[in-house]
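The values are calculated or read from the model by the stated rules, or taken from the named source; none is laboratory data. Values in this document were obtained by computation on a predicted structure and should not be read as measured data. Here the Cβ positions follow ideal geometry from the backbone for every residue, glycine too, while neighbour counts run over all protein chains shown. Quick note on the areas: whole protein, heavy atoms, side chains included, nothing else; ligands and nucleic acids left out. Shrake-Rupley method; radii C 1.70, N 1.55, O 1.52, S 1.80 Å.
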Amino acid sequence: MSNNTVRETLHQTALKAPSSSGVYLWRNPEGTVIYVGKAKNLKNRLSSYFSGRKDIKTRLLISHAKSIEYITTSNEYEAFLLENNLIKKYTPRYNIDLKDGKSYPVLRITREAFPRLLKTRSIIHDGSTYFGPFPDVGALDTFIDSLYRLYPLRHCKTFKKRDAPCMYYHIGRCKAPCCAKISQQSYNEFFGEISQLLEGKGKETLDKLTGEMKKAAKDLNFEKAARLRDGIAALKVMQNQNIVEDFDSEDRDYVAHYREGELVSFTVLKMRGGKLLGRDNYRTISLNEDPDLIPEFVQAYYINKDEIPPHIYVPTQDGLELISRWINEEIKAPCEIHLVTDKIENAGRHKAAMNMAFENAHEDIIRRLRDRGDMPALEELKEVLALDKLPLRIEGFDIAHIGGKFPVASLISFYNGNPDKKNYRYFRLKTTNGIIDDFQSMREAATRRYSRLINENAELPDLILIDGGIGQVNAVKGVLEALGVYIPIAGLAKRDEEIYRPNDSTPISLPKRSDALRLLQRVRDETHRFATSRNQTLRTKENIVSIFEEIPGVGQKRAKLIMQTWTTLENFVSADTKEISETLKISVEKTEEIIENAKVLLELRNEKKEKTGNILKVAATTAQKAESSRYISNLAAAALSAAELNVAEQEPTYGDKK
C-alpha cells in the first residue's frame, strides 16, 4: 500500500470518528501502538492531524502510522484516566516516558528490634520509617556518613546473633547488638535522636535539638551532648547545600517545559522548607499538543502519594482541573495545583521561580539539539527545498556596511544543524566600497569563496543560505553557474520570513513552528551577527581615522574632525573650501592643498575599485567558456589573487598635478 493510500485511509478514519470525548491510539505497520492521545472531541482532534500544513512532529507520526483506533468515554476526565492507563500499558514511543520514574532517594529506618539506617530509591510498605525525598544526593550521602560516624549503628544487612563482634565494634563504629553488648532500649535511643534530625524543618528543628543538647550537657551526659552537637552541624551542612531560599516554608514544586519539534524537556524545581533543594530535568519525546504536555507529564511524574508536596505550580491553565482532580481522587494526595499569574498571591516570587524552571528546560533542549544534531529540521528542510540529500553543511552569507562604507560579507557555517565556528570567514569587499550594491557584494563574496574551494578541491556545502530575497539569490546563482558548480541556494527574507529559490519569484511560506524555518532563522541570524560585529570592528577609532590620515597635511586631530564633519572622502572633496578652512582653522591656501591631495587619493581609490571589478568580470566570463572545472578554479583564483594584491598598481603620489 502506498504512502498516499495509507494517509487517505487514516484521514477517512478520522472523519468518521464520533464527536464524543475519548482516547485514540496510533499503530505502526507491525501493529505496535506508537502514540496514545486523549480528546474532548475525537472527530475534531483526529481531523486536525490532516488539515493545513503540519509541523515535522505531526508529519513524523503520520508517516510511521498504519491505523488509528479510538475508545469513547463519557467525559474528558475519564479520557484523561484511560489515556494514563494505556500509556503505562503500551509505553508508546511518542508519549512521555519517564523510564526511571522519580529517582530521588529517601532515608529508610527498618522495622527491626535493632533497626538499620540506609538510603534507598524504592518504598517498601513493611512498617519501615521513611524520610525524604532528598533531591541533593551528594548532600544526603555526606549526611548519612556523618550519622554513621556519630552513632554506633550496625552495618550488617542481615541481623544475626554472633559469638564475636565484627571489625566495626573494635573501631568504635558499632555497639555490637548481635553480641548483646547493648540493650534494645539504649540502641533505639540513637534512632530517636536521628528521627528528630530528620523529621523537622528549618529553625524549629535546630532550636529543639540545641535545647536537648544543652540539657544533656547540664545533666553531665556529655556523650549525648556531643552527638547532638555534631548532628546539628551535619544537619546544617545538608541544609546549606541549597542554592535558593525564600521566606515561604511551605513545600512546593514548580513544573515547566520547553519543546523543539518532538523533543520536550521538563524541569521541576523542588522548594522544601523555604529552600530550593533540587532541580530535576526530564528528557522525553512526545507528539502531544502543547496544552496536553503538562497534564501528561504530571501523570507520569507524580506516582507516589508520599512524595507529592502540598502545592504544585504550573505555567498554563490547560488541564489544570484534570490534574487537580486526578491527584486528589486517584493518588489521594492533599495537594493544590496553582496557575502562576500576576493575580496570584506573592506573584513576583512564584513567577521568578517559574521563569527559572522554564530557562532550565530551555537550556536542556539546547544541549539536546547540540548533542544529537538538529535532524528533524534537516529532514524537513530537505523535503521543503526538494534537496537530493540532507543539508548537513549549510553556509550562510550576509552583507554589512554603513552607507556603503566598510562593506563586509560574513560567511558562517552550520554542520549537522549547529554552528561550526572554526569555518567562519569574512570578506572585506573591494568592488562595492563606497557604494551600496548588495547584489554585487553577494557576487564578489560568492566568487571569492567558491572559486577557492574548487581550486583546493575542498568540500562544498550542501546548501547556501542568503540573507535576502530573490535578487540576492539569483546573483549568487549566476556566480555558481559561471564557476561551473551546482550548490542548492535559498534566501530568507526578513520581512515575512519567506524562503526564495533561484528563478522563482513565488516564495515558500512555512508555519512559525516549523523546524526547518527555525534552523534557517538561526543560520540567518548568525550571519547577521557575524557581519555586523566585523563591520563594527572596522569602524573603530583607528580604522576610521586612518583613512583621512592618508592625506598629506592631515594629522590625527584634523582627521578626526574631518570624519565627524564630512564622514567620507567624497563629501570632503565636494565641500566648500571656505567651510573647510574655517572648520579646520587653517589658511585657504593650506586648505586648497589638502583638498587637492584628497582628490588624488579618491581618484586612486576609484581606479582600484574599477580595476578589481574588471578582473572579477573577466574571471566570470572566462569561466563560462572554460571546459573543465579545474581550469575554472585556477583561473578564478588567479584573478582574485591579482585583485586582492592589486597587481601593477602604482603607489599614490601627492602634490601639484602637472
Too long at a 27 Å Cα-Cα cut-off: which of 270/343; 38/332; 160/218? 160/218
I'd like the carbon and sulfur percentage of the solvent accessible area for segment 386-492, probe radius 1.4 Å, heavy atoms only, ligands and nucleic acids excluded. 49
Rounded accessible area per residue of segment 283-365, 1.4 Å, Å²: 46
Residue 576 versus residue 69, label points 7 Å from Cα toward the beta carbon: distance in nm? 9.1
Above-threshold pairs, the threshold being 19 Å between Cα atoms, out of 405/608; 389/494; 560/585; 66/389; 405/430: 389/494; 66/389
Estimated D of segment 328-425 in µm² per second, where Rh is the Kirkwood radius over Cα pairs and Stokes-Einstein applies at 10 °C, 1.306 mPa s: 87
Report, to the nearest whole %, how much of the accessible area of segment 254-297 belongs to carbon and sulfur atoms, 1.4 Å probe, protein only. 45
To the nearest 0.05, what FRET efficiency results for residue 383 and residue 456 with a Förster distance of 25 Å applied to their C-beta separation? 0.20
For 338, 350, 64, 170, give me the order by solvent-accessible area with a 1.4 Å probe, most accessible first, ignoring ligands, DNA and RNA. 170, 64, 338, 350
So what is the accessible area of segment 384-464 per residue, in Å², with the probe set to 1.4 Å? 41
How far apart, in nm, are two points set 7 Å out from the Cα along the Cα-to-Cβ line at residue 170 and at residue 371? 4.7
Between residue 126 and residue 157, take the C-beta separation as r, use R0 = 22 Å, and let me know the FRET efficiency to the nearest 0.05. 0.90
Using 0.36 nm per residue of separation minus the Cα-Cα distance, give me the extension gain between residue 15 and residue 344 in nm, one decimal. 114.3 nm
Tell me, what is the per residue accessible area of segment 4-92 in Å², probe radius 1.4 Å? 46
Once residue 587 and residue 495 are pulled to full extension, the length gained, defined as 0.36 nm per residue separation minus their Cα-Cα distance, is 28.0 nm
Run down the aspartates and glutamates and flag those whose C-alpha is under 13 Å from the C-alpha of residue 119, throwing out any fewer than 8 positions away in its chain. 136, 141, 145
When the accessible area of segment 545-607 is computed with all protein chains present and a 1.4 Å probe, what percentage of it is carbon and sulfur? 46
The aspartates and glutamates whose Cα lies under 20 Å from the Cα of residue 422, excluding any fewer than 8 residues away in the same chain, are 371, 374, 395, 398, 456, 459, 462, 525, 526
Straight-line reach only, C-alpha to C-alpha below 19 angstrom: list the aspartates and glutamates that residue 351 could link to, leaving out same-chain residues fewer than 8 apart. 245, 246, 248, 250, 251, 253, 280, 318, 336, 342, 359, 363
